[in-house]
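The values are calculated or read from the model by the stated rules, or taken from the named source; none is laboratory data. What you see is a predicted model, and the numbers here were worked out from it, not measured in a lab. Counting neighbours? That spans all protein chains shown, and the Cβs are built from the backbone with ideal geometry, glycine included. In case anyone asks, the SASA skips ligands and DNA or RNA and just uses the protein heavy atoms, side chains included. Shrake-Rupley method; radii C 1.70, N 1.55, O 1.52, S 1.80 Å.
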Amino acid sequence: MTTVTAAATVVAGTATAEPVISVRDLWKIFGPGASRVVGSPDADLSRAELRRRTGCTAAVRRLSFDVARREVFVVMGLSGSGKSTLVRCLTRLVEPTAGQVLFEGEDVRGMDDRRLRELRRRKFAMVFQNFGLLPHRRVLDNVSYGLEIRGAGKPERYARAQEVIDLVGLQGYETAYPDQLSGGMQQRVGLARALAVDPDVLLFDEPFSALDPLIRRGMQDEVIRLHHEVGKTMLFITHDLSEALKLGDRILIMRDGELVQCGTPDQLVGAPADDYVRDFVRDVAKSHVLTLRWIVRRVTPQDALDGPELSPDVVIRDAVRQVIQAGRPVKVVENGALLGVVDSAGILGVIAAEPQGDPP
């Protein structure tokens, strides 16, 4: 079985479209004399050794990536990998030690207090793990809170709040208080509050990790639905691989503050950069993630090419029935060009090699 060479190439952390966020050589070091670590020999020490020698902790180091407009960009890593510090550096809730954070070409680190407030109030909105709702305010007032801070009048902010309450499925709960709602419904209120201010970018910091599995899956589906409907750029922080694979257009994996790999879900699963990533994706059912690009083979003289056509971006599991029922190789065509063919042997080979049990 011959795989497509291009598909196996791990991309750098650069979006293909014009980026709305660009991070360049970003560092965040906590501790005494943190700024002196960057550019010194100590910068190359392991996290543990750096702490032992200098008393400093490198939460984020040498991080560079782009986020394209309307992209769902997921940052994933284990606890302590630096992902939550990273998302706070983007709006300077945590002040970076060195590097650049560009929003639409403007360096966030160079913004004065007025411009930074404007950025936080109008361009970015954040959805937190602990909901962050005001317990003494009704759902309608929680959702409209950001507009109130902006100075919007009550009729205007209530009208907008009602729009997003309807959008996230909270109709009928406008007068309820947070403690009268389930965890999933409280998180919907947090999501509605973020959407109400019509930000350019939504930042999610492990928003569903405290929810029960069924509610969590429902909220993931809600994010996907809302992304299709409102088309916002989303940067999503999680420690859960299944969540990252489900939501992300691209995924950046962090370890000890550094980028390990950045790519599409199929690139991470099909071509892990090292043993760390390989271990992460070991139990993933590849037919649920990889596309036909990964199993397309060259056309041979024996192949009949009078059968159906499929796009190379079709996920393997979604092509199983059509390929097997065809009874012969199926053409893989992109923009009118024949890339090759896939056959039942290639499809079944991927499925047979998968781990037993339900995919994550």
Compute, for segment 83-136, the length of the dipole vector about the Cα centre, with Cβ point charges of +1 (Lys, Arg) and -1 (Asp, Glu) only. Units Debye, rounded to 20.
180
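Working out 0.36 nm times the residue gap between ARG328 and SER209, then minus their Cα-Cα distance, what length gain in nm do you get to one decimal?
That works out to 38.3 nm of additional length.
Heavy atoms only, probe 1.4 angstrom, no DNA, RNA or ligands counted: give me ARG69, ARG61, ARG47, ARG282 ranked by accessible area, highest first.
Ranked list, largest accessible area first: ARG282, ARG69, ARG47, ARG61.
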Report the extension gain between SER182 and ALA159 in nm, rounded to one decimal, defined as 0.36 nm multiplied by the number of residues separating them, less their alpha carbon distance.
5.8 nm
Relative contact order (percent, whole number), segment 150-250, Cα cutoff 8 Å, 6+ residue spacing
27
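So if I average 1/r over every pair of distinct C-alpha atoms in segment 29-99 and take the inverse, what Kirkwood radius in Å does that give? Could you put the intermediate results ahead of the total?
Working: mean 1/r = 0.0753 Å⁻¹.
It works out to 13.3 Å.
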Between THR57, ALA196, ALA352, whose Cα lies farthest towards the positive end of the dipole of the chain when Lys and Arg beta carbons carry +1 and Asp and Glu beta carbons carry -1, centred on the Cα centre?
THR57
Would you tell me the accessible area of ASP42, worked out with a 1.4 angstrom probe on the heavy atoms of the protein chains, in Å² to the nearest 10?
50
Any idea of ILE324's accessible area? Nearest 10 Å², probe 1.4 Å.
80
With every protein chain kept in place and a 1.4 Å probe, the residues GLU206, GLU18, GLU309, GLU49 fall, from largest accessible area down, as GLU18, GLU309, GLU49, GLU206
Taking 0.36 nm per intervening residue step and subtracting the Cα-Cα distance, what contour gain separates VAL315 from PHE128 on full extension?
64.1 nm
The chain: antiparallel DSSP beta bridges as a percent of all, rounded to 5:
55
